[in-house]
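**Q** Take this structure first; my questions come after.
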(Lines give C-alpha, C1' and ligand atoms only; values in the text may rest on other atoms or scores of the structure.)
Protein backbone atom coordinates (compact mmCIF):
# COMPACT_ATOMS: atom_id res chain seq x y z
CA UNK A 1 0.00 0.00 0.00
CA UNK A 2 1.51 3.34 -1.03
CA UNK A 3 1.11 5.95 1.72
CA UNK A 4 2.28 9.56 1.51
CA UNK A 5 2.90 11.79 4.53
CA UNK A 6 2.40 15.54 4.21
CA UNK A 7 4.66 16.91 7.01
CA UNK A 8 6.58 13.68 7.64
CA UNK A 9 9.17 15.27 9.95
CA UNK A 10 7.08 15.74 13.12
CA UNK A 11 7.75 13.63 16.22
CA UNK A 12 4.51 11.68 15.87
CA UNK A 13 4.40 11.67 12.06
CA UNK A 14 7.90 10.30 11.45
CA UNK A 15 7.33 7.56 14.02
CA UNK A 16 4.14 6.50 12.24
CA UNK A 17 6.03 6.56 8.92
CA UNK A 18 8.71 4.28 10.38
CA UNK A 19 6.06 1.95 11.83
CA UNK A 20 4.32 1.58 8.45
CA UNK A 21 7.65 1.05 6.69
CA UNK A 22 8.43 -1.71 9.19
CA UNK A 23 5.00 -3.21 8.49
CA UNK A 24 5.81 -3.44 4.77
CA UNK A 25 4.06 -0.33 3.42
CA UNK A 26 5.54 1.78 0.62
CA UNK A 27 6.06 5.12 2.37
CA UNK A 28 6.89 8.54 0.90
CA UNK A 29 6.74 11.97 2.49
CA UNK A 30 7.49 15.66 2.33
CA UNK A 31 8.16 18.57 4.66
CA UNK A 32 9.58 22.09 4.53
CA UNK A 33 12.03 21.45 7.42
CA UNK A 34 13.08 18.29 9.28
CA UNK A 35 15.21 18.34 12.42
CA UNK A 36 16.99 15.73 14.54
CA UNK A 37 16.32 13.05 15.58
CA UNK A 38 13.60 12.71 12.92
CA UNK A 39 16.04 13.49 10.10
CA UNK A 40 18.55 10.72 10.88
CA UNK A 41 15.88 8.15 11.70
CA UNK A 42 14.03 8.74 8.41
CA UNK A 43 17.31 8.78 6.46
CA UNK A 44 18.37 5.44 7.94
CA UNK A 45 15.23 3.79 6.51
CA UNK A 46 15.44 5.63 3.17
CA UNK A 47 12.36 7.75 3.94
CA UNK A 48 13.96 11.22 4.09
CA UNK A 49 12.63 13.48 1.29
CA UNK A 50 15.29 14.26 -1.34
CA UNK A 51 14.61 17.99 -1.00
CA UNK A 52 12.73 20.14 1.46
CA UNK A 53 9.49 21.79 0.40
CA UNK A 54 6.01 20.99 -0.88
CA UNK A 55 5.79 19.57 -4.40
CA UNK A 56 2.41 18.80 -6.03
CA UNK A 57 4.24 16.39 -8.39
CA UNK A 58 4.66 14.08 -5.34
CA UNK A 59 0.89 13.52 -5.34
CA UNK A 60 -0.18 10.93 -7.88
CA UNK A 61 -3.33 8.89 -8.37
CA UNK A 62 -1.68 5.62 -7.26
CA UNK A 63 -1.39 6.84 -3.65
CA UNK A 64 -3.86 4.87 -1.52
CA UNK A 65 -3.64 7.02 1.60
CA UNK A 66 -2.49 10.56 2.40
CA UNK A 67 -1.65 11.21 6.06
CA UNK A 68 -1.87 14.90 6.89
CA UNK A 69 0.17 16.33 9.76
CA UNK A 70 -0.72 19.34 11.93
CA UNK A 71 2.33 21.23 10.63
CA UNK A 72 0.74 21.49 7.18
CA UNK A 73 -1.60 24.38 6.39
CA UNK A 74 -5.02 24.18 4.71
CA UNK A 75 -3.56 25.72 1.53
CA UNK A 76 -0.64 23.27 1.35
CA UNK A 77 0.06 22.65 -2.38
CA UNK A 78 0.29 18.87 -1.90
CA UNK A 79 -2.96 18.79 0.08
CA UNK A 80 -4.75 20.81 -2.61
CA UNK A 81 -3.51 18.38 -5.30
CA UNK A 82 -4.63 15.37 -3.23
CA UNK A 83 -8.09 16.92 -2.79
CA UNK A 84 -8.30 17.64 -6.51
CA UNK A 85 -7.46 13.99 -7.32
CA UNK A 86 -10.03 12.78 -4.79
CA UNK A 87 -7.45 10.78 -2.80
CA UNK A 88 -8.30 9.44 0.66
CA UNK A 89 -6.88 11.90 3.21
CA UNK A 90 -6.46 10.75 6.82
CA UNK A 91 -5.52 12.64 9.94
CA UNK A 92 -2.91 10.92 12.12
CA UNK A 93 -5.48 9.55 14.64
CA UNK A 94 -7.93 8.61 11.89
CA UNK A 95 -5.28 6.45 10.24
CA UNK A 96 -4.34 4.84 13.58
CA UNK A 97 -7.99 3.88 14.03
CA UNK A 98 -8.03 2.31 10.56
CA UNK A 99 -4.98 0.27 11.55
CA UNK A 100 -6.59 -0.89 14.81
CA UNK A 101 -10.33 -1.21 14.21
CA UNK A 102 -10.13 -5.02 14.52
CA UNK A 103 -8.05 -4.88 17.73
CA UNK A 104 -8.89 -4.16 21.36
CA UNK A 105 -8.17 -0.44 21.64
CA UNK A 106 -6.85 0.86 24.97
CA UNK A 107 -6.82 4.69 25.05
CA UNK A 108 -5.17 6.73 27.80
CA UNK A 109 -6.55 10.27 28.07
CA UNK A 110 -6.09 13.19 30.45
CA UNK A 111 -4.71 16.72 30.59
CA UNK A 112 -1.58 15.39 32.28
CA UNK A 113 -0.09 11.98 33.07
CA UNK A 114 -1.18 10.23 29.87
CA UNK A 115 2.36 9.78 28.48
CA UNK A 116 3.60 8.41 31.82
CA UNK A 117 0.65 6.01 32.22
CA UNK A 118 0.97 4.78 28.62
CA UNK A 119 4.71 4.30 29.20
CA UNK A 120 4.07 2.36 32.43
CA UNK A 121 1.65 0.01 30.65
CA UNK A 122 4.09 -0.60 27.80
CA UNK A 123 6.95 -1.17 30.25
CA UNK A 124 4.92 -3.84 32.06
CA UNK A 125 3.96 -5.54 28.79
CA UNK A 126 7.55 -5.45 27.54
CA UNK A 127 8.84 -6.80 30.88
CA UNK A 128 6.56 -9.83 30.58
CA UNK A 129 7.15 -10.32 26.82
CA UNK A 130 3.53 -9.54 25.93
CA UNK A 131 3.42 -8.14 22.39
CA UNK A 132 1.07 -5.18 21.81
CA UNK A 133 0.74 -2.45 19.21
CA UNK A 134 1.12 1.07 20.55
CA UNK A 135 1.45 4.82 20.07
CA UNK A 136 3.05 6.86 22.85
CA UNK A 137 4.20 10.50 23.03
CA UNK A 138 7.76 9.88 24.27
CA UNK A 139 10.74 7.77 23.33
CA UNK A 140 10.91 4.82 25.74
CA UNK A 141 13.89 2.81 26.87
CA UNK A 142 13.87 -0.57 25.11
CA UNK A 143 11.50 0.58 22.32
CA UNK A 144 12.81 1.50 18.85
CA UNK A 145 9.91 3.76 17.87
CA UNK A 146 7.03 5.67 19.49
CA UNK A 147 4.59 3.84 17.18
CA UNK A 148 4.39 0.07 16.57
CA UNK A 149 1.83 -1.56 14.28
CA UNK A 150 1.39 -5.22 13.34
CA UNK A 151 -1.21 -7.42 11.67
CA UNK A 152 -1.25 -10.01 14.46
CA UNK A 153 -1.26 -8.31 17.91
CA UNK A 154 -4.62 -8.32 19.72
CA UNK A 155 -4.19 -5.09 21.72
CA UNK A 156 -3.19 -1.56 20.78
CA UNK A 157 -2.36 0.99 23.50
CA UNK A 158 -2.88 4.59 22.37
CA UNK A 159 -2.01 7.83 24.11
CA UNK A 160 -5.18 9.88 23.66
CA UNK A 161 -4.37 13.54 23.00
CA UNK A 162 -7.23 16.04 23.17
CA UNK A 163 -5.62 18.44 20.66
CA UNK A 164 -6.91 18.84 17.08
CA UNK A 165 -6.53 15.98 14.57
CA UNK A 166 -5.36 17.88 11.48
CA UNK A 167 -5.62 21.27 9.74
CA UNK A 168 -8.80 20.08 8.01
CA UNK A 169 -10.21 17.96 10.86
CA UNK A 170 -10.91 20.03 13.97
CA UNK A 171 -11.98 17.08 16.15
CA UNK A 172 -9.80 16.23 19.17
CA UNK A 173 -7.56 13.26 18.36
CA UNK A 174 -8.95 11.03 21.12
CA UNK A 175 -12.48 11.31 19.69
CA UNK A 176 -11.42 9.17 16.74
CA UNK A 177 -10.18 6.04 18.52
CA UNK A 178 -13.49 4.60 19.89
CA UNK A 179 -11.79 2.74 22.77
CA UNK A 180 -12.80 -0.60 24.23
CA UNK A 181 -10.88 0.26 27.40
CA UNK A 182 -10.17 3.89 28.33
CA UNK A 183 -8.60 5.89 31.15
CA UNK A 184 -8.84 9.54 32.21
CA UNK A 185 -6.06 10.68 34.55
CA UNK A 186 -7.09 14.28 35.14
CA UNK A 187 -8.83 17.27 33.59
CA UNK A 188 -7.23 20.71 33.87
CA UNK A 189 -8.07 23.39 31.31
CA UNK A 190 -5.45 23.51 28.54
CA UNK A 191 -5.09 24.41 24.83
CA UNK A 192 -6.85 27.72 25.44
CA UNK A 193 -6.29 28.70 21.77
CA UNK A 194 -8.65 25.87 20.75
CA UNK A 195 -10.93 25.46 23.78
CA UNK A 196 -11.72 29.01 24.95
CA UNK A 197 -13.59 28.05 28.15
CA UNK A 198 -13.24 25.45 30.91
CA UNK A 199 -16.70 24.06 30.08
CA UNK A 200 -15.83 23.69 26.39
CA UNK A 201 -12.59 21.86 27.32
CA UNK A 202 -14.29 19.50 29.81
CA UNK A 203 -16.99 18.73 27.24
CA UNK A 204 -14.35 17.07 25.04
CA UNK A 205 -13.75 14.48 27.77
CA UNK A 206 -17.49 13.85 28.15
CA UNK A 207 -17.65 13.14 24.40
CA UNK A 208 -14.62 10.82 24.75
CA UNK A 209 -16.37 8.78 27.48
CA UNK A 210 -19.53 8.55 25.40
CA UNK A 211 -17.50 7.17 22.46
CA UNK A 212 -16.24 4.16 24.45
CA UNK A 213 -17.71 1.01 22.84
CA UNK A 214 -20.81 -0.44 24.52
CA UNK A 215 -19.84 -2.83 27.31
CA UNK A 216 -16.36 -1.27 27.46
CA UNK A 217 -14.45 -0.01 30.49
CA UNK A 218 -13.54 3.45 31.80
CA UNK A 219 -10.76 3.59 34.41
CA UNK A 220 -10.73 6.99 36.10
CA UNK A 221 -8.96 9.04 38.77
CA UNK A 222 -11.69 9.65 41.34
CA UNK A 223 -9.48 12.17 43.21
CA UNK A 224 -9.98 14.60 40.31
CA UNK A 225 -13.43 16.16 40.72
CA UNK A 226 -13.77 17.17 37.06
CA UNK A 227 -12.98 13.58 35.96
CA UNK A 228 -15.42 12.17 38.54
CA UNK A 229 -18.18 14.51 37.29
CA UNK A 230 -17.64 13.56 33.64
CA UNK A 231 -17.59 9.80 34.27
CA UNK A 232 -20.54 9.76 36.65
CA UNK A 233 -22.66 11.83 34.25
CA UNK A 234 -22.31 9.51 31.25
CA UNK A 235 -25.28 7.41 30.14
CA UNK A 236 -22.98 5.12 28.17
CA UNK A 237 -23.36 1.43 29.13
CA UNK A 238 -19.77 0.85 30.31
CA UNK A 239 -18.04 -0.45 33.45
CA UNK A 240 -16.57 2.27 35.68
CA UNK A 241 -13.41 1.48 37.64
CA UNK A 242 -12.16 4.22 39.96
CA UNK A 243 -8.60 4.54 41.26
CA UNK A 244 -6.82 6.77 43.75
CA UNK A 245 -3.26 7.44 44.93
CA UNK A 246 -1.97 4.33 46.74
CA UNK A 247 -0.27 4.42 50.14
CA UNK A 248 3.46 5.05 50.06
CA UNK A 249 6.27 6.48 52.17
CA UNK A 250 9.66 8.05 51.51
CA UNK A 251 12.63 6.69 53.48
CA UNK A 252 16.09 8.16 52.92
CA UNK A 253 15.13 9.50 49.49
CA UNK A 254 13.60 6.18 48.33
CA UNK A 255 9.88 5.88 47.62
CA UNK A 256 8.33 2.71 49.05
CA UNK A 257 4.98 1.64 47.58
CA UNK A 258 2.59 -0.30 49.83
CA UNK A 259 1.59 -3.57 48.11
CA UNK A 260 -0.20 -6.74 49.34
CA UNK A 261 3.29 -8.29 49.68
CA UNK A 262 4.61 -5.37 51.79
CA UNK A 263 6.60 -2.20 51.00
CA UNK A 264 8.31 -2.19 47.58
CA UNK A 265 10.98 0.33 46.46
CA UNK A 266 10.21 1.97 43.13
CA UNK A 267 12.21 4.25 40.82
CA UNK A 268 9.55 6.94 40.19
CA UNK A 269 8.34 9.31 42.88
CA UNK A 270 5.74 11.97 43.65
CA UNK A 271 2.06 11.65 44.50
CA UNK A 272 1.06 12.33 40.87
CA UNK A 273 3.29 9.50 39.60
CA UNK A 274 1.96 7.09 42.24
CA UNK A 275 -1.54 8.09 41.15
CA UNK A 276 -0.55 7.37 37.52
CA UNK A 277 0.78 3.98 38.64
CA UNK A 278 -2.59 3.07 40.19
CA UNK A 279 -4.34 3.83 36.89
CA UNK A 280 -1.79 1.82 34.91
CA UNK A 281 -2.32 -1.15 37.25
CA UNK A 282 -6.08 -1.24 36.53
CA UNK A 283 -5.43 -1.10 32.78
CA UNK A 284 -2.81 -3.87 32.89
CA UNK A 285 -5.11 -6.08 34.94
CA UNK A 286 -7.83 -5.61 32.32
CA UNK A 287 -5.28 -6.61 29.67
CA UNK A 288 -4.61 -9.90 31.48
CA UNK A 289 -1.64 -9.07 33.74
CA UNK A 290 -2.24 -10.07 37.36
CA UNK A 291 -1.42 -7.76 40.27
CA UNK A 292 1.77 -9.53 41.41
CA UNK A 293 3.18 -9.50 37.88
CA UNK A 294 2.35 -5.80 37.55
CA UNK A 295 4.26 -4.93 40.74
CA UNK A 296 7.25 -7.04 39.68
CA UNK A 297 7.50 -5.11 36.40
CA UNK A 298 6.72 -1.60 37.62
CA UNK A 299 9.52 -1.74 40.22
CA UNK A 300 11.99 -1.32 37.33
CA UNK A 301 10.17 1.55 35.56
CA UNK A 302 12.42 4.65 35.52
CA UNK A 303 9.98 7.09 33.91
CA UNK A 304 9.19 8.39 30.43
CA UNK A 305 11.64 10.67 28.62
CA UNK A 306 11.33 14.32 29.75
CA UNK A 307 8.84 13.33 32.47
CA UNK A 308 10.61 14.03 35.79
CA UNK A 309 13.79 12.80 34.13
CA UNK A 310 16.92 12.81 36.28
CA UNK A 311 19.62 14.46 34.16
CA UNK A 312 22.42 14.75 36.74
CA UNK A 313 23.29 13.61 40.26
CA UNK A 314 26.34 13.81 42.49
CA UNK A 315 26.87 13.41 46.23
CA UNK A 316 24.46 16.11 47.43
CA UNK A 317 23.16 17.60 44.17
CA UNK A 318 20.46 16.44 41.80
CA UNK A 319 18.85 17.91 38.66
CA UNK A 320 15.59 16.96 36.97
CA UNK A 321 14.04 17.97 33.66
CA UNK A 322 10.29 17.81 33.20
CA UNK A 323 7.84 18.56 30.38
CA UNK A 324 5.46 20.22 32.88
CA UNK A 325 3.76 23.39 31.66
CA UNK A 326 0.11 23.25 32.77
CA UNK A 327 -0.50 24.81 36.23
CA UNK A 328 -1.65 21.56 37.87
CA UNK A 329 1.36 19.62 36.55
CA UNK A 330 3.81 22.36 37.56
CA UNK A 331 2.38 22.31 41.09
CA UNK A 332 2.42 18.49 41.34
CA UNK A 333 5.96 18.18 39.97
CA UNK A 334 7.37 20.89 42.25
CA UNK A 335 5.75 19.31 45.32
CA UNK A 336 7.01 15.86 44.30
CA UNK A 337 10.65 16.95 44.13
CA UNK A 338 10.38 18.87 47.42
CA UNK A 339 8.80 15.87 49.16
CA UNK A 340 11.49 13.57 47.78
CA UNK A 341 14.30 15.86 49.00
CA UNK A 342 12.75 17.73 51.97
CA UNK A 343 16.12 18.71 53.46
CA UNK A 344 17.52 20.19 50.24
CA UNK A 345 17.07 23.66 48.76
CA UNK A 346 14.73 23.33 45.76
CA UNK A 347 15.43 25.67 42.84
CA UNK A 348 12.43 25.37 40.50
CA UNK A 349 12.55 26.99 37.05
CA UNK A 350 9.50 27.20 34.76
CA UNK A 351 9.54 28.33 31.15
CA UNK A 352 6.21 29.73 29.93
CA UNK A 353 6.28 28.39 26.39
CA UNK A 354 2.84 27.16 25.23
CA UNK A 355 -0.12 29.12 23.82
CA UNK A 356 -2.02 28.72 27.08
CA UNK A 357 0.83 29.65 29.42
CA UNK A 358 1.63 32.78 27.39
CA UNK A 359 -1.99 33.96 27.48
CA UNK A 360 -2.55 36.85 29.88
CA UNK A 361 -6.06 35.63 30.78
CA UNK A 362 -4.87 32.08 31.52
CA UNK A 363 -1.87 33.13 33.63
CA UNK A 364 -3.92 33.46 36.84
CA UNK A 365 -4.33 29.66 36.81
CA UNK A 366 -0.67 29.49 37.95
CA UNK A 367 -1.40 30.99 41.37
CA UNK A 368 0.52 28.95 43.98
CA UNK A 369 1.98 26.54 41.39
CA UNK A 370 5.58 27.19 42.53
CA UNK A 371 4.91 27.54 46.26
CA UNK A 372 6.79 24.32 47.16
CA UNK A 373 10.07 25.71 45.78
CA UNK A 374 12.62 27.52 47.95
CA UNK A 375 13.74 29.56 44.94
CA UNK A 376 11.15 30.04 42.18
CA UNK A 377 12.12 31.28 38.71
CA UNK A 378 9.95 31.98 35.66
CA UNK A 379 11.46 32.43 32.19
CA UNK A 380 9.57 33.52 29.09
CA UNK A 381 10.62 34.84 25.73
CA UNK A 382 8.83 37.95 24.39
CA UNK A 383 9.83 36.66 20.93
CA UNK A 384 7.80 33.48 21.52
CA UNK A 385 4.78 35.66 22.34
CA UNK A 386 5.23 37.54 19.05
CA UNK A 387 5.75 34.34 17.01
CA UNK A 388 2.50 32.93 18.43
CA UNK A 389 0.82 36.29 17.62
CA UNK A 390 -0.42 36.73 21.18
CA UNK A 391 -0.90 39.93 23.12
CA UNK A 392 2.27 40.84 24.99
CA UNK A 393 2.53 39.36 28.48
CA UNK A 394 4.09 41.77 30.95
CA UNK A 395 6.49 41.22 33.83
CA UNK A 396 3.85 42.56 36.24
CA UNK A 397 1.15 40.19 34.95
CA UNK A 398 3.40 37.19 35.61
CA UNK A 399 4.43 38.46 39.05
CA UNK A 400 0.78 39.03 39.96
CA UNK A 401 -0.39 35.64 38.62
CA UNK A 402 1.94 33.44 40.68
CA UNK A 403 1.15 35.37 43.89
CA UNK A 404 4.70 34.98 45.19
CA UNK A 405 6.61 38.09 46.33
CA UNK A 406 10.08 36.59 45.83
CA UNK A 407 9.42 35.21 42.32
CA UNK A 408 12.41 35.76 39.99
CA UNK A 409 11.49 36.52 36.37
CA UNK A 410 13.76 36.47 33.31
CA UNK A 411 13.03 37.29 29.66
CA UNK A 412 16.64 37.19 28.46
CA UNK A 413 18.17 33.71 27.88
CA UNK A 414 21.72 34.92 28.62
CA UNK A 415 20.70 36.48 31.94
CA UNK A 416 18.73 33.37 32.93
CA UNK A 417 21.75 31.16 32.20
CA UNK A 418 24.05 33.49 34.18
CA UNK A 419 21.68 33.33 37.15
CA UNK A 420 21.48 29.54 36.98
CA UNK A 421 25.23 29.03 36.74
CA UNK A 422 25.84 31.41 39.63
CA UNK A 423 23.79 29.30 42.07
CA UNK A 424 25.33 27.22 44.84
CA UNK A 425 23.97 23.70 44.29
CA UNK A 426 25.46 22.14 47.43
CA UNK A 427 22.64 20.26 49.15
CA UNK A 428 20.22 21.38 46.45
CA UNK A 429 17.75 20.01 43.91
CA UNK A 430 17.31 21.73 40.54
CA UNK A 431 14.04 21.33 38.63
CA UNK A 432 13.80 22.60 35.04
CA UNK A 433 10.22 22.57 33.75
CA UNK A 434 9.53 23.36 30.12
CA UNK A 435 8.35 22.08 26.75
CA UNK A 436 11.07 24.35 25.28
CA UNK A 437 14.73 24.95 26.11
CA UNK A 438 14.89 28.36 27.87
CA UNK A 439 15.99 30.16 24.72
CA UNK A 440 18.83 27.75 23.92
CA UNK A 441 20.03 26.36 27.25
CA UNK A 442 22.48 23.46 26.76
CA UNK A 443 21.39 20.70 29.15
CA UNK A 444 24.79 19.02 28.77
CA UNK A 445 26.32 22.10 30.40
CA UNK A 446 23.78 21.80 33.21
CA UNK A 447 24.93 18.21 33.79
CA UNK A 448 28.55 19.42 34.08
CA UNK A 449 27.44 22.14 36.48
CA UNK A 450 25.96 19.51 38.79
CA UNK A 451 29.04 17.27 38.61
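The values are calculated or read from the model by the stated rules, or taken from the named source; none is laboratory data. What you are looking at is a predicted structure, and each value in this text was computed from that prediction instead of being measured. Ideal geometry is used to build each Cβ from the backbone, glycine not excepted, and the neighbour counts take in all protein chains shown.
**Q** So which of 113, 109 is in the same structural domain as residue 180 (by TED's automatic domain parsing), modelled with pLDDT of 95 or more and under 25 Å from residue 138 (Cβ atoms)?
**A** 109
**Q** Taking the stretch 116-132 as the region of interest, how many residues are over 20 Å from the mean Cα position of the chain (by Cα) and more than 15 Å from residue 155 (Cβ to Cβ)?
**A** 1
**Q** Which residue is modelled with the lowest pLDDT, if the candidates are limited to the stretch 265-319 and must be surrounded by 20 or more Cβ atoms within 10 Å (Cβ to Cβ) and more than 23 Å from residue 247 (Cβ to Cβ)?
**A** 304
**Q** A follow-up question, please. Could you grab me the full set of residues in the stretch 102-131 that are closer than 19 Å to residue 216 by Cα, surrounded by fewer than 24 Cβ atoms within 10 Å (Cβ to Cβ) and in contact (Cβ under 8 Å) with a residue 40 or more places away in the chain?
**A** Those that are closer than 19 Å to residue 216 by Cα, surrounded by fewer than 24 Cβ atoms within 10 Å (Cβ to Cβ) and in contact (Cβ under 8 Å) with a residue 40 or more places away in the chain: 103, 104.
**Q** Got a number for residues in the stretch 409-432 being farther than 17 Å from residue 344 by Cβ, in contact with a helix residue (DSSP H, G or I) (Cβ under 8 Å, 6 or more places away or on another chain) and surrounded by 15 or more Cβ atoms within 10 Å (Cβ to Cβ)?
**A** 3
**Q** For residues that are in a helix (DSSP H, G or I) and touching a strand residue (DSSP E or B) at 6+ places or on another chain (Cβ under 9 Å), tally how many sit in the stretch 199-225.
**A** 5
**Q** Starting from the stretch 215-242, take each residue that is on the phi > 0 side of the Ramachandran plot and in the same structural domain as residue 188 (by TED's automatic domain parsing) and list its partners that are outside any helix (DSSP H, G or I) and surrounded by fewer than 17 Cβ atoms within 10 Å (Cβ to Cβ), counting only C-beta distances under 9 angstrom and pairs at least six apart or across chains.
**A** Taking only residues 6 or more apart or on different chains, the pairs are 215/237; 215/239.
Condition check ((1) surrounded by fewer than 17 Cβ atoms within 10 Å (Cβ to Cβ); (2) without any contact (Cβ under 8 Å) to a residue 60 or more places away in the chain; (3) assigned to a helix (DSSP H, G or I)) across all residues:
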residue	(1), (2), (3)
141	yes, no, no
158	no, no, no
170	yes, yes, no
186	no, no, no
